[in-house]
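Everything below concerns the one structure shown next.
The values are calculated or read from the model by the stated rules, or taken from the named source; none is laboratory data. What you are looking at is a predicted structure, and each value in this text was computed from that prediction instead of being measured. Heads up, the Cβs are rebuilt from the backbone with ideal geometry, glycines too, and the neighbour counts pull from every protein chain shown. Heads up: the accessible areas ignore ligands, DNA and RNA and are worked out on the full protein's heavy atoms, side chains in. Shrake-Rupley method; radii C 1.70, N 1.55, O 1.52, S 1.80 Å.
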Amino acid sequence: MHKIDIDLVEMTMDVMKYAINRISETNPKIGKPLKEEDLKALVGETITTEGIGGEVAFNLWKDHLMKANVSIDHPRHLAFVPASPTRAAIMFDLVTSASSIHGAYWMEGAGGIFCENEAMRWIVSLTGLPDGAFGVFTSGGTAANLSAIVTAREYWRSLNNQNKFEKGIIITSVGSHSSIKAMAKVADIDVLLVDIEDRLEATILKESIDLLPETQRKRVFAVVATAGTTNAGIVDDLKGISEICKKEHLWFHVDAAYGGGALVADSVRHLFNGIEKADSITIDPHKWMFSPYDCGAIIYKNPELAKNAHSQEGSYLDIFKDEGAHGFNPSDYQIQLTRRVRGLPLWFSLATHGTNRYKIAVERGIELAKLAGEMINEMPHVELVREPSLSCVLYRRIGWKPKDYTHWTYENHTKGVALVTPTKWKTGDNFETVSRFCFINPDTTEDDIRLILNSMN
Ligand SMILES: *Cc1c(COP(=O)(O)O)cnc(C)c1O
């Protein structure tokens, strides 16, 4: 099969042509899903004993399957946290695949890991963490959060024997990302949720801790703050929370999966003050650092603690720890063994463009959120739910019920105009369905925003 692949030279050209076209596409179709049975009816059987041939399969992809995906980099895809990988990064994602690198251990992937580490050093420098802090690239924020939570828990258990028999507790707020609760489940850890979606203030955290009975208090080992909530872009009181963590001897994890990119933006950097006191920080380069999927990052103040928690043992792995194979082994610091050098596309893009271009591109997202806020203030049929924060804007269409938002979302998506989805925001005791923008793509224009807002009229 593999030698025969040499016959695929022509196919290779077709694939490269397709990739070049897609990479240089400035106005991609937004794309929308079809039902599985409809896709099946369009493409028929594709996995057969003899194979259907590359040309046929590729045409099925181009004609039908590709169109059933939403292009995350469409300038009017403002739902969830969109993405907008640079062309340089996407090109180097192809190079990463073509280079066949195992990114777990220095012995096998030194060149690739070297590049990843160069990019990581820049990210760490944005956080202001002390010397010695370092991180690794993960598959995303979820894996980064899990790696951090497990590191914190193992450290806590190493502190005294009794902790080894306790089920740990982490404290976070309602505003934190779903992955915190999901990963706590994976690690068999209880979560104490402070009932606030707005900024988590130190005083509220302190009250929640003080209210705990001693049997629970002694099980608490970490606080997870969010620097840029996914729903509303809110940055918790990192400085105040860090002080409480210090006093209470709790691990301080900052989930900046979405917001971390904004560390480079001078206009909002002050919101992150206190992040330099974190024990661990999650940042997703595949969100606001313009990397292709999938690329998350976990950074530790003391990477040795992560190594204690995650380094895998096995006779077949001993050679990697030998003097002769010395070097940085990314697999020691997070949950994954075999890994793609997924920080490599980011490295190439940073090297190509320089970090100032990143600053400008992130500032543009923040500016777009402000501009959207101003437009919403001017238009009579919509109003802001809260002031824009980072690049998130929550707003309501006056008079609309939840089903109106849903209907409008589907209608715009079906027409290929935009993907903007509803969310909820709690006012008092009431969960209100509202509309939400999240800006990442610096190529989104004011006209794009106006077009979307006008379509609600
Ligand atoms: C997106 C996000 C995550 C999850 O990251 P994935 O890369 O999707 O796994 C975690 N935390 C926050 C704050 C996020 O915005």
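For residue 449, the shell of other residues with beta-carbons less than 14 Å away shows a net charge of -2, using +1 for Lys and Arg and -1 for Asp and Glu. Here the extension length gained between residue 55 and residue 454 equals 139.3 nm, from 0.36 nm per residue of separation less the Cα-Cα distance.
Among 32/424; 181/301; 247/301; 17/359; 181/247, which pairs are too far apart, with a Cα-Cα distance over 29 Å?
17/359
Please identify the helices of the chain, taking whole runs of DSSP H, that span at least 18 Å along their own axis as judged from the Cα atoms and have a mean Kyte-Doolittle score of -1.0 or higher. Going by DSSP H runs, the hits are 9-24, 106-127, 141-159, 355-378. Per-residue ellipticity at 222 nm from helix content only, as computed over the chain with -39500 (n - 2.57) for each DSSP H run of at least four residues, stands at -12500 deg cm²/dmol.
Straight-line cross-link reach from residue 167 at under 13 Å between alpha-carbon atoms covers these aspartates and glutamates, not counting any fewer than eight positions away in the same chain: 154, 188, 190. In a shell of Cβ-Cβ distance under 12 Å around residue 422, excluding residue 422 itself, what net charge do Lys and Arg (+1) and Asp and Glu (-1) give? Its environment carries a net charge of +4. Relative contact order of the chain: 22 percent, from C-alpha pairs under 8 Å at least 6 residues apart in sequence.
Near residue 391, once Lys and Arg are set to +1 and Asp and Glu to -1 for all other residues with Cβ below 12 Å from its Cβ, the sum equals +2. Projecting the Cα atoms of 227, 163, 250 onto the dipole axis of the stretch 146-253, where Lys and Arg carry +1 and Asp and Glu carry -1 at the beta carbon, places 163 farthest toward the positive end. For the stretch 367-435, build the charge dipole from Cβ charges (+1 Lys, Arg; -1 Asp, Glu) around the Cα centre, then report which of 416, 375, 389 sits farthest towards its positive end. Comparing the listed Cα positions along the dipole, 416 ranks first.
Whole number in Å², please: accessible area per residue of the stretch 359-454, 1.4 Å probe, ligands, DNA and RNA not counted.
Result: 47 Å² of accessible area for each residue.
Surface analysis of the stretch 93-353 yields an accessible area of 40 Å² per residue, using protein heavy atoms and a 1.4 Å probe.
Measuring nothing but protein heavy atoms, the accessible surface of the chain at 1.4 Å probe radius is 54 percent carbon and sulfur.
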